[in-house]
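Q: Supplied in structure tokens, the structure appears directly below.
The values are calculated or read from the model by the stated rules, or taken from the named source; none is laboratory data. Predicted model, so just to flag it, every value in this text is computed and none were measured. For neighbour counting, all protein chains shown are included, and Cβ atoms are generated from backbone atoms with ideal geometry for every residue, glycine included. Ligands, DNA and RNA are stripped out before the accessible areas are found, and what is left, the full protein with its side chains, is counted by its heavy atoms. Shrake-Rupley method; radii C 1.70, N 1.55, O 1.52, S 1.80 Å.
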Amino acid sequence: MQKGKDQKRKAGKAGHVCLCRLAGMLLCAGILTISGCKAPVQRFTAAGTAMGTVVSQTVYTSEEGVTEQVMQLLTKLEQDTLSWREEASEVAAINGAAGSGTWLPLSEKMQAYLEVLLSVSEESGGAFDVTMGAITRLWQIDTWAALPAEEAGQEKAVLPKQAEIQEALEKTGYEGVRLSPEGIQLPEGMRLDLGAAGKGIACDEILAMLEQNYGTAVSGAVISVGGSILTYGEKPDQTPFLVAVADPFGTKERAGVLTLQGQWCVSTSGDYERYFEADGKRYHHIMDPATGYPADSGVRSVTVVCKSGILSDALSTACFVLGTEKGLGLAEAYGAEALFIRTDGSFAMTEGMKTLFCAE
Ligand code: ADP
Ligand code: MG
């Protein structure tokens, strides 16, 4: 579903893009002429929903219709490729063929996504696991995770029984996935869930589309798809992109700000956006594949910055499950920068993150 329209307004102002409450923060647009003979570069903003989440865009371009094209791309990516709920999607076809014992041929893109995601599954020692479908369905994450944070907290979700969790866990495990140039084979009952990387994949696809379809006609952009953000090119005044990191405790407007120049992908995984409460305990949507329960590694949120969206998104989830010490090692192994906000409010970060992040 696509909501929201392109808006052109007066007076340019650098905006923070908050990782959780974005829509209201993308404010103003100015018309800026870059050169006398070319079409003027304008600042377009748009806010809407796609892939079950809020999408906010600021695009500096001489072309009309870029933000609409981004929304179309996201809807198509969800419906045709990533969502296990969409019957006609490639993930649904893969899941439907589980246990058939034959190779299911994959699109080139899906092959590439799964190679990356299986590598993160392996490098993280299974903290990230692309085969968590049976567990995420048992917890009915999609019924409460698709809701806005305020409503999701209120939703009455049913706590699965230990025996059900054990049974579902037996249908998970990335080691069971067979991937070859011929395609994929999943064991009986196994279900892929690309939810932990979908929004990052979306950032990569938007980047490729902007480069291919628009070239220099789009000079810069900041586009957030839920917890993943793409920065691209530069702003007309060449000041850096400022990306706010949400305060997971909700006590401050933000935990701090990332200062980014050029193309980056930023993903945050936190326990504060999608959760429900039962028996006085909070159950969030990032699962520990070792237990089948929400991860409890002493962190409230992890933000990862790197060039690739599929990696920033998968790594933020993996690092959340691993916790600070192992998570820092994993991020470094991928050359990514990571920021951990612990349950006691303290920060831990990679060396490179220290030059990007400023706490508030
Ligand atoms: P968000 O989707 O809010 O950006 P994440 O990127 O951390 O958050 O992804 C969480 C989603 O990924 C869950 O809703 C679930 O579908 C799936 N998931 C949960 N735990 C794991 C895990 N350990 N490994 C892989 N996928 C997971
Ligand atoms: Mg993620």
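Q: If the range 222-360 were replaced by its equivalent ellipsoid, with semi-axes equal to the square roots of 5 times the Cα gyration tensor eigenvalues, what would those be, largest first, whole Å?
A: 25, 16, 14
Q: What does the charge dipole of the chain about its Cα centre add up to, to the nearest 20 debye, if the Cβ of each Lys and Arg holds +1 and the Cβ of each Asp and Glu holds -1?
A: 1280
Q: So what J values fall out for the range 172-179 if you push phi through Karplus, 6.51 cos²θ - 1.76 cosθ + 1.60 with θ = phi - 60°, rounded to Hz, Gly and Pro as x?
A: Computed from phi, the couplings for the range 172-179 are 10, x, 4, 5, x, 7, 10, 10 Hz.
Q: P(r) of the chain in 10 Å steps, Cα pairs, percent per bin?
A: 5, 25, 34, 24, 9, 2, 0
Q: Once you have a ≥ b ≥ c as the square roots of the Cα gyration tensor eigenvalues for the range 175-217, tell me rounded if a/c is under 1.5, and otherwise prolate or oblate according to whether a/b is larger than b/c.
A: It comes out prolate by the Cα gyration axes.
Q: Right, here's the next one. Can you give the charge dipole size of the range 290-360 about its Cα centre, rounded to the nearest 20 debye, using +1 on the beta carbon of Lys and Arg and -1 on the beta carbon of Asp and Glu?
A: With only Lys, Arg, Asp and Glu charged at Cβ, the dipole is about 60 debye.
Q: Need one value: the accessible area of ASP313 in square angstrom, 1.4 angstrom probe, rounded to the nearest 10.
A: It works out to around 10 Å².
Q: Check the straight Cα-Cα distances from LYS326 and name the aspartates and glutamates below 20 Å, setting aside those fewer than 8 residues away within the same chain.
A: Within the straight-line limit of under 20 Å, LYS326 reaches these aspartates and glutamates: GLU122, GLU123, ASP129, ASP271, ASP288, ASP296, ASP313, GLU337, ASP344, GLU351.
Q: Running a GNM on the chain with Cα contacts under 10 Å, which residue among ALA50, ALA295, ALA39 ends up with the highest mean-square fluctuation?
A: In the Gaussian network model the winner is ALA39.
Q: Related question: Using the charge dipole of the chain (Lys, Arg: +1 at Cβ; Asp, Glu: -1 at Cβ; taken about the Cα centre), state which of PHE320, LEU114, ILE341 has its Cα farthest towards the positive end.
A: With unit charges placed on the Cβ atoms, the residue in question is ILE341.
Q: Also: Beyond 26 Å, what percent of the Cα pairs of the range 151-272 remain?
A: 47
Q: In Å², and per residue, what accessible area does the chain have when probed at 1.4 Å with the other protein chains present?
A: In whole numbers, the chain has 44 Å² accessible per residue.
Q: Where does helix 198-209 land angle-wise versus the long Cα axis of the chain, in degrees 0 to 90, nearest 10?
A: 40
Q: Hey, what angle do you get for helix 309-322 against the long axis of the chain, alpha-carbon based, 0 to 90 degrees rounded to 10?
A: 50
Q: Of all accessible surface on the chain at a 1.4 Å probe, what whole percent is carbon and sulfur?
A: Reported share for carbon and sulfur atoms: 51 percent.
Q: Can you run phi through the Karplus equation (6.51, -1.76, 1.60; θ = phi - 60°) for the range 82-97 and list ³J(HN,Hα) in whole Hz, with x for Gly and Pro?
A: Listing the rounded values in order: 8, 7, 6, 7, 7, 4, 8, 7, 5, 5, 4, 5, 4, 5, x, 8 Hz.
Q: Are any of the pairs LYS307/LYS354; LYS171/LYS307; LYS109/LYS199 more than 24 Å apart by Cα-Cα distance, and if so, which?
A: LYS171/LYS307
Q: Can you tell me which of GLN79, GLN263, GLN166 moves the most in a GNM of the chain? Springs connect C-alpha atoms under 10 Å apart.
A: Taking springs between Cα atoms under 10 Å, the residue moving most is GLN166.
Q: Something else now. Given springs between every Cα pair under 10 Å in a Gaussian network model of the chain, which of GLN57, GLN111, GLN212 has the largest fluctuation?
A: Fluctuation is largest for GLN212.
Q: If you take the charge dipole of the range 276-328 about its Cα centre, with +1 on Lys and Arg Cβ and -1 on Asp and Glu Cβ, which of VAL304, PHE276, MET287 is farthest toward its positive end?
A: The listed residue farthest towards the positive side: VAL304.
Q: If you build the convex hull over the alpha carbons only and average its shadow over all orientations, what do you get for the range 240-295? Give it in nm² to one decimal.
A: 5.4
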